[in-house]
Amino acid sequence: MLAAGSAVSLPTNAFGLNRRLKVVLVGTGVRGISFWGRRLVEQYPDQLEFVGLSDINPGRLDYAKAYMKVDCPVFVDFDAMIEQTKPDLVIVCTKDSTHHEYIIRGLSAGCDVLTEKPLTTDETKAQSILDAERKSGKNLIVGFNYRWSPYMTKVKELLQNNEIGEITSVDFNWYLNIHHGASYFRRWHGLMDGGGSLWVHKATHHFDLLNWWLDSEPEEVFAYGALEHYGSNGPFRAKSCRSCDRKDDCNYYWDITESDHLMKLYVANEQHDGYIRDGCVYRHEIDIYDKMSAQIRYANNAVVNYSLTTYSPFEGWRIAFNGQKGRIEAWLDIPWMKNDHLDQASLHAAEMSQAADQDVIQEPLVLYKNWTDYRVIQVAGERGGHGGGDRRLHDKLFKNQDAPDPYGHSAGVRDGVMSVLIGIAARKSIETNKPIRIADLTDLKPRAKRQS
Ligand SMILES: NC(=O)c1ccc[n+]([C@@H]2O[C@H](COP(=O)([O-])OP(=O)(O)OC[C@H]3O[C@@H](n4cnc5c(N)ncnc54)[C@H](O)[C@@H]3O)[C@@H](O)[C@H]2O)c1
């Protein structure tokens with residue numbers, strides 16, 4: 001108990017500081033300026049302040065500043081920003097293949113760093129990040145928002161409580177619909193060089209969930225993949241939807257001019273860097289896979305069957321865990337299971353608006369116990385913001401840092417590396433037609449019991 005009148009200075013704010021956290025953002029695209037920008041400005045005014053914004057595109061930077069309603073300086077030169085603003089935290093939201101540059105430069109300058117997923121896109125960059133993090137003594141946080149939703153957490157709770165005994169195998173299928181799936185083929189995500197393929201850019205979420213749920217680390221990966229729908233498979237092509245003369249007979253025609261926000265953020269700034277946001281999904285340059293399937297063996301002997309589809313009529317996923325004592329089946333958004341005729345285009349638009357719709361919804365999962373019965377468990381979650389995961393991740397980072405973390409939601413560098421290594425190994429397996437050992441990719445050796 002403190003005596004009345006004691007003069008103590010307690011760390012009350014984000015990152016244990018007794019003042020507001022000084023934050024800079026690099027990468028002022030849609031994700032940066034909304035989820036890691038305007039939302040933080042609006043929700044955590046007492047905890048943090050933006051002291052700088054950086055991007056290679058000066059026009060986008062000006063729009064970002066206005067959109068986020070901040071009056072900090074903007075910089076095309078990242079190092080000048082760090083030098084002048086001396087931030088506590090660097091938030092990295094650039095194109096995936098460039099994350100490592102800013103993570104390493106931020107850590108080396110003595111800042112904590114928070115990066116969007118994926119941590120990085122190949123094993124050499126992953127090793128450089130590991131080396132820089134060890135040398136810096138600073139924190140590197142990976143923004144794995146999916147873990148934080150109540151639905152994902154319920155699965156974790158059941159597994160952690162050993163409800164179905166030792167997990168021996170898992171079936172995991174993820175379906176991106178013709179709107180969301182196609183969106184990756186319109187821009188840099190469609191190039192290996194940009195996002196390391198959807199094995200890394202997208203599946204890093206799924207592999208992180210698997211690692212976290214199984215509480216183990218991946219040991220070996222074998223994969224197949226092909227590009228059979230988008231890219232050169234298309235019947236015709238143009239540079240962008242805007243410039244296309246087949247607008248009327250292309251199912252994938254997408255009219256970016258309908259969004260004032262996207263016009264101001266991207267189209268108005270094409271002149272600076274040539275970034276086309278509504279690129280044709282049939283461009284010849286597309287070189288990633290649109291069909292992906294992998295087998296993953298974990299260090300605790302669990303084996304996983306995983307697949308990712310990018311042109312499904314509906315958006316959703318399902319997973320089944322087979323244990324020595326039972327089985328858990330979980331899924332989200334499968335329309336016929338919900339007896340629901342969801343409008344897939346509106347669903348995708350809502351997700352992309354980065355809005356946080358906090359309508360509470362109930363989602364079922366099934367817990368089967370061998371030799372007895374099964375139980376349907378209803379989990380309360382939120383419709384938007386990745387099932388409520390986005391909001392919870394922010395609160396933990398900026399408001400409730402000292403709150404207990406019984407399910408180990410917080411993700412660090414090892415989690416970030418382990419999740420991308422599965423995708424990188426899958427890519428290599430397709431190229432070589434051989435199984436790839438995770439231990440051969442960086443100096444991290446997989447452990448039967450996961451470590452953060
Ligand atoms: N966790 C999630 O659910 C989620 C959702 C969306 C996006 N993301 C991640 O957020 C990041 C940004 O995605 P986005 O949709 O905003 O992409 P975007 O292309 O709209 O924005 C990326 C920004 O980075 C800038 N940039 C590109 N190369 C750069 C470089 N070398 N140096 C500095 N800036 C550079 C671009 O000019 C652009 O403004 C990606 O890493 C993506 O994977 C995560």
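If exposed GluC sites (Glu not before Pro) are those in a DSSP loop with at most 15 other Cβ within 10 Å, what is the longest stretch of the chain that has none? The reported range is 286-452. For a modelled paramagnetic label at T124, 7 Å from Cα along Cα-to-Cβ, the residues of segment 406-424 in reach, with backbone nitrogen under 18 Å, are 421, 424. Here the sum of -39500 (n - 2.57) over DSSP H runs of 4 or more residues, divided by the residues of the chain, equals -8500 deg cm²/dmol at 222 nm, to the nearest 500. Annotation: lysines with alpha-carbon distance below 23 angstrom to K247 (same-chain offsets under eight excluded): K239, K264.
Beyond 16 Å, the tail of the calculated P(r) for segment 390-452 holds 58 percent of the Cα pairs. Toward the positive end of the charge dipole of segment 124-169, with +1 on the Cβ of Lys and Arg and -1 on the Cβ of Asp and Glu, the farthest Cα among G165, S128, Y151 is that of S128.
For E270 and D373, a Förster radius of 51 Å and the Cβ-Cβ distance give a FRET efficiency of 0.30, rounded to the nearest 0.05. A 22 angstrom limit on the alpha carbon distance is what I want to check against. Which of K22/K396; K65/K202; K117/K156; K135/K428 exceed it? Cα-Cα > 22 Å for K65/K202; K135/K428; rest within.
Among rounded, prolate and oblate, which fits segment 237-290 when a ≥ b ≥ c are the square roots of the eigenvalues of its C-alpha gyration tensor, a/c under 1.5 means rounded, and a/b larger than b/c means prolate? Oblate is the answer for segment 237-290, as a/c is 1.5 or above yet b/c matches or exceeds a/b. Volume per residue for segment 152-191 equals 123 cubic angstrom (convex hull of Cα atoms).
Measuring nothing but how far apart in sequence close Cα pairs (under 8 Å, 6+ apart) lie, relative to its length, the chain scores a relative contact order of 21 percent.
Which percent, nearest 5, of DSSP beta bridges in the chain are antiparallel? Percentage antiparallel, nearest 5: 65.
For segment 36-99, the square roots of the Cα gyration tensor eigenvalues, ordered a ≥ b ≥ c, give a/c below 1.5, which places it in the rounded category.
Based on Cα contacts under 8 Å between residues 6+ apart, segment 223-291 shows a relative contact order of 56 percent.
The chymotrypsin sites (Phe, Trp or Tyr not before Pro) of segment 202-245 that DSSP puts in a loop, and whose beta carbon has at most 11 other beta carbons within 10 Å, are F236.
Across every direction, the projection of the convex hull enclosing the Cα atoms of the chain has a mean area of 24.0 nm².
Taken along the Cα-to-beta-carbon direction at a fixed 7 Å, the label points for I256 and D405 span 3.7 nm.
Bear in mind these aren't lab numbers, they're just calculated from the coordinates by the rules spelled out. Everything quoted here is computed from the prediction, not taken from an experiment. So basically every Cβ, Gly included, is an ideal-geometry build from the backbone, and we count neighbours across all protein chains shown.
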